[in-house]
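J.: One structure, pasted below without further comment.
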Amino acid sequence: MVIENENKEIEQLIRDLAGKLLEEKQVDVIIGYTEGTVPLSSSPIVIDKAEDVDKLIWNNLCYINLAKYLVPRIPTLMNEEGQKLKVGIVSKGCVGRALIHLSVEHQLDLESIKIIGIPCNGIINRKKIEDEIGEREIFDISVSGDNIIVKGRDFEKVFPFNEYMNELCKVCQVKSPPFLEDICVGECLENPVIEDDFSDIAEFDSKTTEEKWEYIKSLLETCTRCYACREACPMCYCNLCFVDQNQPVWFGKTTGYSDIFVFHLVRAMHMAGRCVGCGACSSACPMGIDLNLINRSLEKIAKERFNFTTGIDPRSLPPMMAYDIEDKEEFMMEED
Amino acid sequence: MEYKILKKDQIIKLYNDLTKDYNFFAPIKEKRNIVFRKITNPEEIVLDYLNSKVPPKEILFPEKDILFEYKINDNEIELEEPKNLNEQNIIFGIRPCDAHSFVLLVNFFSQGDFKDEIIINRRKNTILIGIGCNTPKSTCFCTSVEGNPFQKDYMDVFLVDLQNEYLVEGISDKGKDLIKKLSWLADAKEMDIEKAQELKKQAEESITTKLDLKDIDKILDPNFDHPIWKEVSETCIGCGTCSFLCPTCTCFDVIDENVPNKNRGRRIRIWDTCQSCLYTLHTSGHNPRNSCIQRVRNRILHKFCYYPENYGMLGCVGCGRCVQLCPVNNDLRTIIEKIKKIEPKREEKVSA
């Protein structure tokens with residue numbers, strides 16, 4: 001099926017399931033996506049009435065990981081009496097993975113949510129499209145057949161969807177959330193098995209340490225430290241982030257080279273075995289920094305050393321939460 | 001007023017002439033973003049940009065500004081002030097909205113009991129050679145906030161892109177003197193000026209976002225506790241994109257960096273944002289703005305209520321960066337529309 005038709009089916013699936021959950025009072029609210037007000041965007045939305053389900057949409061610009069709205073840093077959705085609301089959450093694969101991992105980290109009670117599983121067909125790489133268009137304003141972006149059509153004042157350009165989706169989406173093997181009894185509705189994956197050869201980062205991996213360092217330096221130098229990456233990340237839920245600590249100040253707060261690297265690299269350390277590969281950080285970055293290679297490298301380390309893929313099984317302990325005498329440790333001592 | 005013509009291939013000459021006496025800042029493409037940099041190669045200048053990613057406020061008010069360096073010798077403290085404060089700058093190719101924002105920045109940093117000499121001096125030593133926006137973006141709304149895509153009042157010299165060349169107009173005395181020095185500039189013809197007027201008209205007409213901001217402070221003032229704030233902050237994730245890339249946001253933090261065991265260090269001003277969880281956090285641990293609701297409200301009230309009350313003008317220049325770049329598309333224009341729909345409180349209706 002072409003992407004355009006898949007989108008229509010996914011959208012219908014979302015509306016049908018959301019309407020049913022609200023009508024049957026299985027949930028109080030639904031968190032989903034709605035049409036953005038500017039091209040290349042979408043907006044998260046919370047609805048609480050079945051008649052509003054037509055506001056829910058699916059297109060290939062629904063890049064925010066909605067699990068972000070259920071983690072503690074942002075207050076839990078409550079009703080006027082202060083009681084927790086039962087939430088239905090529109091979940092592409094990476095949203096489902098984030099929810100599962102958050103429950104593993106005891107940040108979320110899966111029993112209090114309904115996962116509305118959808119078969120995600122990929123997110124458009126907004127930055128790549130913007131790079132191609134250059135200093136011209138995009139008025140409209142749509143998917144027609146298997147192509148992305150971008151229109152502006154005096155131009156119309158066609159991009160093949162499979163080339164212009166996020167790099168993470170190209171290698172994603174968990175397009176729908178892993179299935180959980182009594183929690184999931186819609187399309188989910190039963191016991192997903194992840195086989196990943198990480199060939200997409202093979203070239204990066206083959207670089208020398210110096211070359212990697214040059215890449216990372218050049219990648220991060222435009223960072224303004226607005227923390228959009230952190231705030232869009234469902235795994236960044238600390239009440240006080242390490243860079244915000246000010247008694248004592250542990251890390252420099254400026255946009256000088258070393259301070260930027262320390263922020264991003266320490267954040268990366270915290271993401272090992274936790275990143276679900278949703279790409280929300282890169283999509284959110286206003287400066288166009290794409291953290292894809294860093295995140296995939298983390299995923300690779302967790303997979304190769306601990307045979308762990310984040311957010312697949314709510315019963316398996318992630319490597320950073322478990323200790324095994326057989327755990328590999330040579331990388332701490334000898335490797336680059 | 002005398003108008004001149006600058007041919008597009010003469011920008012290099014212009015740069016060469018001015019760079020002797022001035023730090024020459026201009027828009028260039030750095031990585032994937034248009035930003036203002038002190039340039040060394042005039043061929044890098046991009047003048048037909050839509051809107052720079054980071055506003056040129058970073059020249060007056062850098063993300064990282066060293067206020068002074070210090071050394072401690074025995075009991076003496078030796079302070080070293082920043083050296084480059086008296087350097088003369090030119091910002092070439094600044095857009096009207098960003099030039100407008102400089103007025104707001106200077107208001108903030110110069111009024112009241114404490115004057116920020118560093119920023120005030122930088123502004124005094126900076127000449128703006130601006131350029132009109134022939135093709136404003138659909139997210140631009142300068143005409144709703146006392147601005148205009150061809151507003152030249154805040155410039156020293158104003159350029160209009162006539163396709164093959166630029167029409168040059170000296171606005172301030174400084175700007176007029178500068179043009180006199182560039183004696184090689186050709187005189188403009190009547191038809192050039194007419195063409196510029198036509199472009200101005202077209203640009204104004206092409207602005208589709210119209211916000212009615214008249215008396216918005218009077219709507220906001222009594223509605224501090226209105227449920228609308230919960231509604232418009234519901235999807236905010238609390239990042240600083242809107243404020244860091246806003247040309248009028250002025251919040252900053254001041255930090256000291258000490259070199260361990262060397263008895264020296266420096267004091268640095270960095271950007272801060274009212275969207276951060278640290279903003280207004282008290283030493284006691286209490287934070288009067290501890291949720292997104294209060295922080296989003298603060299940003300809107302600051303621009304559309306407090307700023308007008310304090311300075312008699314709106315705190316927004318309509319550049320549309322926050323509209324364009326918010327990761328969750330929490331569109332300022334939508335927020336304004338919702339605010340405009342707030343029903344006046346009943347008792348006020350009676351009194352009116």
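The values are calculated or read from the model by the stated rules, or taken from the named source; none is laboratory data. Note that the structure is predicted; figures quoted are calculated from it, not measured. Here the Cβ is made from the backbone with ideal geometry for all residues, glycine too, and neighbour counts use every protein chain on show. For accessibility, only protein heavy atoms count, side chains too; no ligands or nucleic acids. Shrake-Rupley method; radii C 1.70, N 1.55, O 1.52, S 1.80 Å.
J.: Scan around residue B:3 for amide H atoms under 5 Å from its own, H built in the peptide plane at 1.01 Å from N, and keep only partners 5 or more places away or cross-chain.
T.: Amide H neighbours of residue B:3: B:188.
J.: Within region B:247-289, whose backbone N sits under 13 Å from a point 7 Å along Cα→Cβ of residue A:258?
T.: B:257-262, B:265-266
J.: Report the residues of region B:310-331 in range of a label on residue B:231: point 7 Å along Cα→C-beta, backbone N strictly under 16 Å from it.
T.: Residues B:330-331 qualify, since their backbone N sits under 16 Å from the label point.
J.: Per-residue HN-Hα couplings for region B:121-130, Karplus 6.51 cos²θ - 1.76 cosθ + 1.60 at θ = phi - 60°, whole Hz, x for Gly and Pro?
T.: Computed from phi, the couplings for region B:121-130 are 5, 4, 5, 4, 8, 10, 9, 9, 9, x Hz.
J.: Taking K and R as +1 and D and E as -1, what net charge do the other residues with C-beta under 12 Å from the C-beta of residue B:193 add up to?
T.: Working: positive: B:4, B:189, B:195, B:200; negative: B:2, B:169, B:187, B:190, B:192, B:194, B:198.
Surrounding charge for residue B:193 is -3.
J.: Residue B:68 label point, 7 Å along Cα→Cβ, cut-off 18 Å on backbone N: hits in region B:111-138?
T.: Answer for region B:111-138: B:114-122.
J.: Once amide H atoms are placed 1.01 Å from N in the peptide plane, what residues at a sequence separation of 5 or more from residue A:189, or on another chain, have their amide H within under 5 Å of its amide H?
T.: Answer set, sorted by chain and number: A:179.
J.: Can you pull out the buried accessible area for chains A and B, both sides counted, probe 1.4 Å, rounded to the nearest 100 Å²? Don't skip to the answer; put the middle values down first.
T.: Values: alone 17100 and 18570 Å², together 32010 Å².
Approximately 3700 Å², summed over both chains.
J.: Using amide H atoms built in the peptide plane, which far-off residues or other-chain residues are under 5 Å from residue A:121 H to H?
T.: none
J.: Next up: Helix-derived [θ] at 222 nm for chain A: sum -39500 (n - 2.57) over DSSP H runs of at least 4, divide by residue count, nearest 500? Provide the component values of the computation, followed by the final result.
T.: Working: 11 runs with 105 residues, N = 336.
It lands at -9000 deg cm²/dmol.
J.: Kindly flag which residue pairs out of A:175/B:29; B:152/B:214; A:25/A:303; B:7/B:57; A:212/A:253 have an alpha-carbon separation exceeding 30 Å in this structure. All intermediate terms of the calculation are to be shown ahead of the outcome.
T.: On the way: A:175/B:29 36 Å; B:152/B:214 23 Å; A:25/A:303 40 Å; B:7/B:57 28 Å; A:212/A:253 24 Å.
From the list (A:175/B:29; B:152/B:214; A:25/A:303; B:7/B:57; A:212/A:253), the Cα-Cα distance tops 30 Å for A:175/B:29; A:25/A:303.
J.: Right, here's the next one. If I take every Cα pair under 8 Å that is 6 or more residues apart in region A:199-333, average their sequence separation and divide by the length, what percent do I get for the relative contact order?
T.: Details: 110 pairs, mean separation 32.0, N = 135.
Normalised by residue count, the contact order of region A:199-333 is 24 percent.
J.: Over the heavy atoms of residue B:47, what accessible area does a 1.4 Å probe trace out, to the nearest 10 Å²?
T.: 10 Å²
J.: So how strong a dipole does region A:190-239 carry about its Cα centre when Lys and Arg Cβ are +1 and Asp and Glu Cβ are -1, to the nearest 20 debye?
T.: Values: 5 positive and 12 negative charges, 106 e Å.
Charge dipole of region A:190-239: 500 debye, to the nearest 20.
J.: Above 24 angstrom, tally the Cα pairs of region A:199-333 and express them as a % of all pairs, no decimals. Walk me through the numbers before you get to the answer.
T.: Values: 3112 of 9045 pairs.
The share of Cα pairs beyond 24 Å in region A:199-333 comes to 34 percent.
J.: Which whole-number value in Å² is the accessible area per residue of the protein assembly as shown, probe 1.4 Å? Don't skip to the end; give the middle numbers.
T.: On the way: 32010 Å² over 688 residues.
With all protein chains present, the protein assembly as shown gives 47 Å² per residue.
J.: Quick one: how many Å² of residue A:158 are accessible to a 1.4 Å probe, rounded to 10?
T.: Probe radius 1.4 Å; accessible area of residue A:158 about 80 Å².
J.: Each residue of region A:31-39 in order: what ³J(HN,Hα) in whole Hz does its phi give by Karplus 6.51 cos²θ - 1.76 cosθ + 1.60, θ = phi - 60°, with x for Gly and Pro?
T.: Each residue of region A:31-39 in turn: 9, x, 10, 10, 4, x, 8, 10, x Hz.
J.: I've got another one for you. May I ask for the net charge around residue A:65, where only other residues with Cβ less than 10 Å from the Cβ of residue A:65 are counted and Lys, Arg are +1 while Asp, Glu are -1?
T.: Details: positive: A:68, A:92, A:97; negative: none.
My count for the surroundings of residue A:65 gives +3.
J.: Apply 1/(1 + (r/R0)^6) to the Cβ-Cβ distance of residue B:263 and residue B:338, taking R0 = 60 Å, and write down the FRET efficiency to the nearest 0.05. The partial results should precede the final answer.
T.: Working: r = 55 Å, r/R0 = 0.92.
Taking R0 as 60 Å, the efficiency between residue B:263 and residue B:338 is 0.65.
J.: Can I ask one more? With a Förster radius of 51 Å, plug the Cβ-Cβ distance of residue A:266 and residue A:163 into 1/(1 + (r/R0)^6) and report the FRET value to the nearest 0.05.
T.: 0.95
J.: Just to confirm my numbers, what's the Cα centroid distance between region A:13-34 and region B:26-70 in Å?
T.: Answer, in whole Å: 46.
J.: Arrange the residues A:264, B:226 by how much accessible surface each exposes, largest first, with a 1.4 angstrom probe. Please report the intermediate quantities before stating the final value.
T.: Working: A:264 15, B:226 60 Å².
Result, largest first: B:226, A:264.
J.: Ok, one more. Which of B:186, B:278, B:304 sits farthest toward the positive end of the charge dipole of chain B, with +1 on the Cβ of Lys and Arg and -1 on the Cβ of Asp and Glu?
T.: Value: B:278.
J.: Could you give the dipole magnitude of region B:3-206 about its Cα centre, charging the beta-carbon of Lys and Arg +1 and that of Asp and Glu -1, in debye to the nearest 20?
T.: Roughly 600 debye for region B:3-206.
J.: Shifting gears a bit: Take each of the peptides A:285-294, B:110-119, A:114-123, average the number of other beta-carbon atoms within 10 Å over its residues, and list them starting from the highest.
T.: A:114-123, A:285-294, B:110-119
J.: From the Cα gyration tensor of chain B, with a ≥ b ≥ c the square roots of its eigenvalues, which class applies: rounded if a/c is under 1.5, or else prolate if a/b is larger than b/c, or else oblate?
T.: Oblate shape, in that a/c is at least 1.5 and b/c is the bigger or equal ratio.
J.: Treat each spin label as a single point 7 Å out from the Cα along the C-beta direction, and report the residue B:7 to residue A:324 distance in nm.
T.: In this crude label model, residue B:7 to residue A:324 measures out at 7.3 nm.
J.: Could you run the Karplus curve 6.51 cos²θ - 1.76 cosθ + 1.60 with θ = phi - 60° over region B:192-204 and give me ³J(HN,Hα) per residue in whole Hz, x for Gly and Pro?
T.: 5, 5, 5, 4, 4, 5, 4, 4, 4, 4, 4, 5, 4
J.: Considering only protein heavy atoms, what is the solvent-accessible area of residue A:70 at a probe of 1.4 Å, reported in Å² to the nearest 10?
T.: The accessible area comes out at roughly 20 Å².
J.: Rounded to a whole number, what is D in µm²/s for the protein assembly as shown from Stokes-Einstein with the Kirkwood radius over alpha-carbon pairs (25 °C, 0.890 mPa s)? Present the calculation step by step, with values, prior to reporting the outcome.
T.: Working: Rh = 27.3 Å.
Diffusion coefficient, whole number: 90 µm²/s.
J.: Turning to a different aspect of this structure: Distance between Cα centroids, region B:145-221 to region B:224-301: provide it in whole Å.
T.: 34 Å
J.: Relative contact order of chain A: what whole-number percent is it, with Cα pairs under 8 angstrom and at least 6 residues apart?
T.: On the way: 537 pairs, mean separation 58.8, N = 336.
Over chain A, the number comes to 17 percent.
J.: Okay, next question. For region B:95-167, what does the alpha-carbon gyration tensor say about shape, rounded, prolate or oblate, given a ≥ b ≥ c as the root eigenvalues, a/c under 1.5 as rounded, and a/b over b/c as prolate? Walk me through the numbers before you get to the answer.
T.: Details: a/c = 3.64, a/b = 1.71, b/c = 2.12.
The shape class here is oblate.
J.: Shielding by partners for A:284-294, please: the mean number of other protein chain Cβ atoms within 10 Å of each residue's Cβ. Before the final figure, lay out each step's value.
T.: Working: counts 7, 4, 15, 11, 4, 2, 1, 0, 0, 0, 0.
So the per-residue partner count for this stretch is 4.
J.: At a Cα cut-off below 20 Å, give the aspartates and glutamates reachable from residue A:20, other chains included and same-chain residues fewer than 8 away excluded.
T.: Result set, ordered by chain and number: A:9, A:11, A:28, A:48, A:51, A:52, A:54, A:111, A:181, A:182, A:187.
J.: Also: Heavy atoms only, 1.4 Å probe, whole protein assembly: order B:341, A:253, A:68 by accessible area, highest first.
T.: Working: B:341 155, A:253 35, A:68 0 Å².
Solvent-accessible surface, decreasing: B:341, A:253, A:68.
J.: For residue B:193 paired with residue B:110, estimate the spin-label separation in nm (one decimal), with each label point 7 Å from Cα along the Cα-to-Cβ line.
T.: Using points 7 Å along Cα→Cβ, the separation is 3.1 nm.
J.: How large, in percent, is the carbon and sulfur part of the accessible surface of region B:3-206 at a probe radius of 1.4 Å? Intermediate results must be reported in sequence, preceding the final value.
T.: Working: 4480 of 9600 Å².
Looking at region B:3-206 in its full context, I get 47 percent from C and S.
J.: If contacts are Cα pairs under 8 angstrom and at least 6 residues apart, what is the relative contact order of region B:3-206 in percent?
T.: Details: 323 pairs, mean separation 46.7, N = 204.
Reported relative contact order: 23 percent.
J.: When a/c reaches 1.5 or more, the comparison of a/b and b/c decides; with that in mind, is region B:106-259 rounded, prolate or oblate per its Cα gyration tensor?
T.: Values: a/c = 2.47, a/b = 1.40, b/c = 1.76.
The shape class here is oblate.
J.: Dipole of region B:11-161 (Lys/Arg Cβ +1, Asp/Glu Cβ -1, origin at the Cα centre): which of B:97, B:85, B:47 lies farthest to the positive side?
T.: So the residue furthest toward the plus end is B:47.
J.: Arrange the residues A:205, B:256 by how much accessible surface each exposes, largest first, with a 1.4 angstrom probe.
T.: On the way: A:205 50, B:256 75 Å².
Of A:205, B:256, the descending order of accessible area is B:256, A:205.
J.: Specify which residue in the list A:69, A:155, A:142 is farthest towards the positive end of the charge dipole of chain A, using unit charges on the beta carbon of Lys, Arg (+1) and Asp, Glu (-1), about the Cα centre.
T.: My answer, from the dipole projection, is A:69.
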